[in-house]
Amino acid sequence: MTHTVGEPIRDTKAPEGPIEERWSKRRFSAKLVNPANKRKLHVIVVGTGLAGGSAAATLGELGYNVTSFCYQDSPRRAHSIAAQGGINAAKNYRGDGDSIYRLFYDTVKGGDFRARESNVYRLAEVSVNIIDQAVAQGVPFAREYGGLLDTRSFGGAQVSRTFYARGQTGQQLLLGAYQALERQIAAGTVTMHARHEMLDLIVSDGRARGVVVRDMVTGEIETHLADAVVLATGGYGNVFFLSTNAKGCNTTAIWRAHQRGAYFGNPCYTQIHPTCIPVSGEYQSKLTLMSESLRNDGRVWVPVKAGDTREPGDIPEAERDYYLERIYPAFGNLVPRDIASRAAKNVCDEGRGVGPGGLGVYLDFADAIARLGRDAVEKKYGNLFEMYERITGEDPYSRPMRIYPAVHYTMGGLWVDYDLQSTIPGLFVVGEANFSDHGANRLGASALMQGLADGYFVLPTTLGDYLAGGPYGEVDQESVAEAENGVRNKIQKLLSVNGTRTADSYHRELGKLMWDYCGMERTEESLRKALARIPELRAEFWQNVKVSGQAEELNQALERAGRVADFFDLAELMCIDALHRSESCGGHFRAESQDADGEALRDDEDFAYVAAWEYRPEGGPVLHREDLKYEYVKMTQRSYK
């Protein structure tokens, strides 16, 4: 499939002037809705993770009527619960030189200069409020002996700014948002619909006015209307089949909004996390993340010689290559994720990998245990060590962990402006579902920061500005009927194929294709192979997929088939985006674009822009470029040496 180039796109909502004043200016210029009118306004929020849960709770607290949806059986089952290591905030409690500006700088640099300065500075600015909010909710952050909040370091930073709750930070923060959400449900400002999946967006008179959902228990198709819609449905890493994401994570909500007119920003930017438990067999359906926080005390190494299959304890120090410390002495084991992942791939490609198939490197805690004592290490990482032992059967206290990179997070998502509004008026997108804050590579511990910043502090202001411009009239019933009929027709089409292969088997094949050809390393040749094979595999899917059961019942085969169908379309756009961007940057590594040391080589003259893709069912997608300008951070080739 080819693409065409359309008119440039621009974010018109970010104020001019000094960067440290822009968010204050926007908040003051935003129109307000008086409390009596808020009670008359209705907002739909899809997703109940950190972004969606905090957004729904805050909007309900402000007095709006909110309807919330999630496909899990409880709002607190959202995938945010799986985040382990921590949340960044520029509090500078350690007095080690951190500041809002340094967090802003590290994030722009970590994203390889492919993120907006205004959005990133706001994120750093708001970060300091998130910790206070979470502590007030009772989130049990780790504390030092004297009772002060403790912090640790994450990749891409030389300061200690990551707040944490052992290896359960996402769970504890989600419980805080969940309690706030449940309070509003009890107060009647939020109506909760669990086990409902969004299958289409209703656009009336050019504005987002509702959603079509399927009750996943009864199979009933329902329409819900509102004055605005917020999508907080997470990322699309499961396009690769094997990823650290929960099996339910999917692209359906944002993809179908994309088909309705919401531009898709930077779909090729996917993050490979360097510390995952390696694949152990073809039977696996997902991968397990070991927190990046482990890189604070664990040392990454492989044998010096290729093909060395000795037990790790039998390999002397002189015959070990602590390659991150050797190549990147300034940051060592705390280089950003994209760099650590590619370095692991490189040593494994040299034949120096460990474990089955040679696809692994060691993460060794022997030095930390000797320096701090086992009890101290267990206090910091005990639940993570226990999880590793349960999965692998190996004791990480006495034997190094084996880790290997895996798909983890997606920096791409629906394009939004500074207000978090998509190209469809009235459709706001928060958290990982949008593209806005991380550029081409997300720094560790910044996902939780962005989700809560969007939901607690940004969206309540910017959404109010939009709603104050209403009312927007009655919803066109023809638009409602068209959306409903489209959902029913797609369901019937999936059920009527009655082929011989399961949706999961197609998903696994698509995922392997994407990993091989559009994974940690991409080339023009590999991407063209993917773009030739994806349409063939998609055609086979629609001719031979087997979806058992009926529409009007609990039918997980139907749910999976609908999600896989959307993954096929997304995968094609990801490859088109990766092919057109012939530079390397962050998580997007084109083998043809690297420097003499094998590092990513950007092309700022030709590619310093956001790729915002418009959906066209015929003739291929349309590329709209949003030029990126840097006033406060000088664009340089990244160096962590």
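The values are calculated or read from the model by the stated rules, or taken from the named source; none is laboratory data. In this text the structure is predicted, and so the values were computed from the model without any measurement. Cβ sites come from the backbone with ideal geometry, for glycine too, and all protein chains shown count toward neighbours. Please note that ligands, DNA and RNA were not included when accessible areas were found on the heavy atoms of the full protein model with its side chains. Shrake-Rupley method; radii C 1.70, N 1.55, O 1.52, S 1.80 Å.
When you work out D = kT/(6 pi eta Rh) for the range 251-294 at 10 °C and 1.306 mPa s, using the Kirkwood radius from C-alpha pairs as Rh and the Stokes-Einstein form, the result is 117 µm²/s. Ranking Ser582, Gln133, Tyr632 by Cα position along the charge dipole of the chain, where only Lys, Arg, Asp and Glu carry charges on their C-beta atoms, puts Gln133 farthest toward the positive end. Distance between Cα centroids, the range 249-321 to the range 563-641: provide it in whole Å. Result: 21 Å between the Cα centres.
Between the range 1-73 and the range 89-164, the alpha-carbon centres lie 23 Å apart. Express as a percent, rounded to the nearest 5, the fraction of DSSP beta bridges in the chain (both residues included) that run antiparallel. Among the beta bridges of the chain, antiparallel pairing accounts for roughly 70 percent.
On the principal axes of its alpha-carbon atoms, the range 326-382 has extents of 36, 30, 17 Å, going from largest to smallest.
Residues in the range 595-604 carry Karplus couplings, in order, of 8, 4, 8, x, 8, 4, 10, 6, 10, 5 Hz; the curve used is 6.51 cos²θ - 1.76 cosθ + 1.60 with θ = phi - 60°, and Gly or Pro positions show x. With θ taken as phi - 60° and the Karplus curve 6.51 cos²θ - 1.76 cosθ + 1.60 applied, the whole-hertz 3J(HN,Hα) list for the range 65-81 is 8, 10, 10, 10, 10, 8, 8, 7, 7, 8, x, 7, 9, 4, 5, 4, 5 Hz, x standing for glycine and proline.
Taking each pair of distinct Cα atoms in the range 33-109 once, what is the resulting Kirkwood hydrodynamic radius in Å?
Numbers: mean 1/r = 0.0653 Å⁻¹.
Kirkwood hydrodynamic radius for the range 33-109: 15.3 Å.
Taking the Cα centre of the range 339-404 as origin and assigning +1 to Lys and Arg Cβ atoms and -1 to Asp and Glu Cβ atoms, the resulting dipole is close to 160 debye.
Classify the range 558-609: rounded, prolate or oblate, from the alpha-carbon gyration tensor (a ≥ b ≥ c, eigenvalue square roots; a/c under 1.5 rounded; otherwise prolate if a/b is larger than b/c)? Prolate. Once both axes come from the Cα atoms, what is the angle between helix 100-110 and the longest principal axis of the chain, in degrees from 0 to 90, rounded to 10? Helix 100-110 and the main axis of the chain meet at about 80 degrees.
In the P(r) worked out for the chain, what percent of Cα pairs fall beyond 40 Å? Counting pairs separated by more than 40 Å, the tail of P(r) holds 24 percent. Each of Ala89, Phe567, Ala600 was scored by the projection of its Cα onto the charge dipole of the chain, and the greatest displacement toward the positive side belongs to Ala89; charges sit on the C-beta of Lys, Arg, Asp and Glu. Close amide H contacts of Arg166 (hydrogens built in the peptide plane, cut-off under 5 Å, sequence separation of 5 or more or a different chain): Ala142. Give me the log10 of I(q) over I(0) for the range 235-317 at q = 0.23 Å⁻¹, as the Debye formula computes it from C-alpha points; what are the numbers? Debye curve over Cα of the range 235-317, log10 I(q)/I(0) at q = 0.23 Å⁻¹: -1.18.
Using the Cα centre of the chain as the reference point, and only Cβ charges (+1 on K/R, -1 on D/E), how large is the resulting charge dipole? Debye, rounded to the nearest 20. Mind dumping the intermediate values first?
Values: 73 positive and 85 negative charges, 187 e Å.
For this selection, approximately 900 debye.
In the chain, the longest principal axis of the Cα atoms and the axis of helix 477-497 are about 50 degrees apart. The GluC sites (Glu not before Pro) of the range 439-530 that DSSP puts in a loop, and whose beta carbon has at most 15 other beta carbons within 10 Å, are Glu474.
How high is the relative contact order of the range 245-363, given as a whole-number percent (alpha carbon pairs under 8 Å, six or more residues apart)? Display every interim value, and only then the final one.
Working: 122 pairs, mean separation 32.3, N = 119.
Answer for the range 245-363 is 27 percent.
For the range 61-171, give the magnitude of the charge dipole about the Cα centre (Cβ charges: +1 Lys/Arg, -1 Asp/Glu; no others), in debye to the nearest 20. Spell out each step's value before the answer.
Numbers: 13 positive and 11 negative charges, 38 e Å.
Using only the charged Cβ atoms, the result is roughly 180 debye.
Send over a whole-number figure in Å² for the accessible area per residue of the range 399-464, probe 1.4 Å.
On the way: 680 Å² over 66 residues.
Result: 10 Å² per residue.
As I understand it, the value is the acute angle between the Cα axis of helix 503-518 and the longest principal axis of the Cα atoms of the chain; what does it come to in degrees, rounded to 10? Here the helix axis deviates by roughly 60 degrees. Measuring max minus min along each principal axis, the C-alpha atoms of the range 21-72 give extents of 39, 28, 13 Å (largest first).
Each of Lys379 and Tyr93 was given a label point 7 Å from its Cα along the Cα-to-Cβ line. The distance between the two points is 1.5 nm.
Any idea of the accessible area per residue across the range 165-266, 1.4 Å probe, to the nearest Å²?
Working: 2840 Å² over 102 residues.
Counting only protein heavy atoms, the per-residue value for the range 165-266 is 28 Å².
In this calculation the C-beta distance from Asp308 to Arg371 is compared with R0 = 22 Å, giving a FRET efficiency of 0.25. Legend: distances between Cα atoms for Lys305/Lys379; Lys345/Lys641; Lys109/Lys629; Lys31/Lys109; Lys109/Lys641; pairs beyond 24 Å are Lys305/Lys379; Lys31/Lys109.
The rule of thumb for compact globular proteins, 2.2 N^0.38 Å, goes into the C-alpha radius of gyration of the range 505-547 1.22 times. Along its principal axes, the range 98-250 has C-alpha extents of 54, 38, 34 angstrom, given from the largest down. Spatial offset of the range 450-515 relative to the range 428-449 amounts to 19 Å, using the alpha carbon center of each.
Counting only lysines at least 8 places from Lys38 when in the same chain, those with an alpha carbon closer than 24 Å to its own are Lys13, Lys25. All Cα-Cα separations within the range 89-132 were binned at 10 Å from zero, giving a P(r) of 31, 52, 17, each value a whole percent of the pairs.
Given an 8 Å cut-off on Cα distances and at least 6 residues of separation, report the relative contact order of the chain as a percent. Relative contact order here is 22 percent. Taking a ≥ b ≥ c as the square roots of the eigenvalues of the Cα gyration tensor, an a/c ratio of 1.5 or more together with a/b no larger than b/c marks the range 110-199 as oblate. Remark: spin-label model distance Val128-Ser548 equals 5.9 nm, labels positioned 7 Å along the Cα→Cβ axis. When the charge dipole of the chain is built from unit charges on Cβ atoms (+1 for Lys and Arg, -1 for Asp and Glu) and taken about the Cα centre, the candidate among Gly470, Ser422, Ile9 whose Cα reaches farthest toward its positive end is Gly470. Tell me, what % of the accessible area of the chain is carbon and sulfur with a 1.4 angstrom probe? On the chain, the fraction of accessible area on carbon and sulfur atoms equals 48 percent.
Rounded if a/c is under 1.5, else prolate if a/b is larger than b/c, else oblate: which is the range 458-611, with a ≥ b ≥ c the root eigenvalues of its Cα gyration tensor?
Numbers: a/c = 2.92, a/b = 1.22, b/c = 2.38.
Taking the square roots of the gyration eigenvalues as a ≥ b ≥ c, the range 458-611 is oblate.
Evaluate E = 1/(1 + (r/R0)^6) for Ala318 and Gln259, where r is the Cβ-Cβ distance and R0 equals 51 Å; express this FRET efficiency to the nearest 0.05.
Values: r = 58 Å, r/R0 = 1.15.
Result of the calculation: an efficiency of 0.30.
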